[in-house]
Amino acid sequence: MDSHSADMVEFGPRTHVLVTGGAGFLGSALVDLLLARHCSVTVIDDLSNGLLSNLPASDSQLTVRTFRVGDPAFNASVRDEVGQADAVFHLASPIGVQRAHKERFAVTSGILESGCSIVEACRLHRRPLLYTSSSEVYGSGRDRPITESDPVMTDIRPRWGYAAAKAAVEHLVAGLLFDFGIPAWIVRPFNMAGPRQRSATGLVLPVFVNAALRGEPLVVHDDGEQRRAFLHVADAAEGLLLVMQCRSLQGRPVNLGGSEAVQIGKLARMVVEATETNAPIVMKPSNAVYGDRFAATYDRVPDTGLLTTLTGWRAVRSTKQTIMDCIEHMRTERVMA
């Protein structure tokens, strides 16, 4: 191995990091953390989900490239950027359940194309890679905290194309380690939330906050008793760095999520209370919103014991703080618009 691909990745003034999807919600929080540790950072983002305003454009340690990872026209550029990096975080991905349901082909192919492009570049240059997969690979969920050893559940319904593609790229990333000896990590995030998350993605917390601030109905699907655990994006970014600094987590899936299980109906009430509005809450069957082929999920709460045991990571921000930070950011955006 050359000096760029040492087993231990240190994040400091001598480290150059490549972040795909770095102008997005989680990506920009990760970039903030890396810059605070005096790393130099290159972001690749096609701005389909991310915003340039999420990044500190004046920071001399930051370089931004605006193209789509996976577009064959830019494969050489991807290889060049990976070759200059000491570590690579691959976060770029289509997002949102609604998009995954309605645009199966585009979403599935986009995940596979970008994943293949980054993995191949890391293989050629022997660069350490951390890949953010998704809790979607666990399918409809469990009535208990989900562990990394739980089976990946998919079927042919449109939503699970996203999950199947994420799982396929997990195998490519694991192959970097087990077939080629290149350090590689796989993270499965659960329901991240907080500042810079946009309602246009269809993710539940910003959708609820946007509706409440407008005085519009908060639409809760089905009986509202399905549970999620929300993780503040700043805690998530810290978790990503700790994972990539842990040899024992190489080549295995790692859950990253919150520990406070909240029913979605209760989340809607918490948002209305926190925004101090009188926005109504209405219940609708999920198939009335998405159609009969929609795959609904029930409880999806992670067991993060593996991550905590091996790195000491713990979420330090509560669900309430996560909601308040999301509200504050969206209010600021509305004032500035």
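The values are calculated or read from the model by the stated rules, or taken from the named source; none is laboratory data. Computed from a predicted model, the values in this text were never measured in an experiment. Here the Cβ positions follow ideal geometry from the backbone for every residue, glycine too, while neighbour counts run over all protein chains shown.
Is one or more of the residues making up the stretch 242-252 under 13 Å from the mean Cα position of the chain (by Cα), of a type in the set (A, V, I, L, M, F, W, C) and under 27 Å from Leu129 (Cα atoms)? Within the stretch 242-252 (the criterion being under 13 Å from the mean Cα position of the chain (by Cα), of a type in the set (A, V, I, L, M, F, W, C) and under 27 Å from Leu129 (Cα atoms)), the answer is no, since none of the residues qualifies. Criterion first (modelled with pLDDT under 95 and either in contact with a helix residue (DSSP H, G or I) (Cβ under 8 Å, 6 or more places away or on another chain) or of a type in the set (Gly, Ala, Ser) (or both)) does Tyr298 satisfy it? In short, no. Against the numbered list (1) farther than 21 Å from Cys326 by Cβ; (2) touching a residue at least 12 places away in the same chain (Cβ under 8 Å); (3) assigned to a helix (DSSP H, G or I), Asn210 comes up short only at (1).
Just one of (1) surrounded by fewer than 17 Cβ atoms within 10 Å (Cβ to Cβ); (2) over 19 Å from the mean Cα position of the chain (by Cα) trips up Ser48, so point out which. Looking at each condition in turn, Ser48 falls short on (2). If you go through the stretch 56-87 and keep only what is crowded, with 16+ Cβ neighbours inside 10 Å, touching a helix residue (DSSP H, G or I) at 6+ places or on another chain (Cβ under 6 Å) and among the small types (Gly, Ala, Ser), you end up with just Gly70. Does Val43 count as touching a strand residue (DSSP E or B) at 6+ places or on another chain (Cβ under 7 Å) and surrounded by 24 or more Cβ atoms within 10 Å (Cβ to Cβ)? The answer is yes for Val43.
Scanning the stretch 151-195 for residues that are more than 20 Å from the chain's Cα centre (by Cα), farther than 20 Å from Ala87 by Cα and free of Cβ contacts under 8 Å to residues at least 24 places away in the same chain returns Pro151, Ile156.
Checked against (1) surrounded by 20 or more Cβ atoms within 10 Å (Cβ to Cβ); (2) farther than 30 Å from Gly139 by Cβ; (3) touching a residue at least 60 places away in the same chain (Cβ under 8 Å), His90 passes all but condition (2). Residue check: Glu136 meets all listed conditions (1) at pLDDT below 90; (2) of a type in the set (Asp, Glu); (3) surrounded by fewer than 17 Cβ atoms within 10 Å (Cβ to Cβ) but one, namely (3). Here Phe67 meets each of (1) within 26 Å of Val301 (Cα to Cα); (2) of a type in the set (Phe, Trp, Tyr); (3) in contact with a Ser or Thr (Cβ under 8 Å, 6 or more places away or on another chain) with one exception, condition (1). Does any residue in the stretch 239-261 that is among the acidic types (Asp, Glu) come within less than 8 Å, Cβ to Cβ, of a residue that is in a helix (DSSP H, G or I) six or more places away or on a different chain, and which pairs are these? Note: pairs meeting the criteria are Glu260/Thr319.
Checking Val119 against (1) without any contact (Cβ under 8 Å) to a residue 60 or more places away in the chain; (2) more than 21 Å from the chain's Cα centre (by Cα), only one condition comes out false. Which one? With (1) without any contact (Cβ under 8 Å) to a residue 60 or more places away in the chain; (2) more than 21 Å from the chain's Cα centre (by Cα) applied to Val119, the lone miss is (2).
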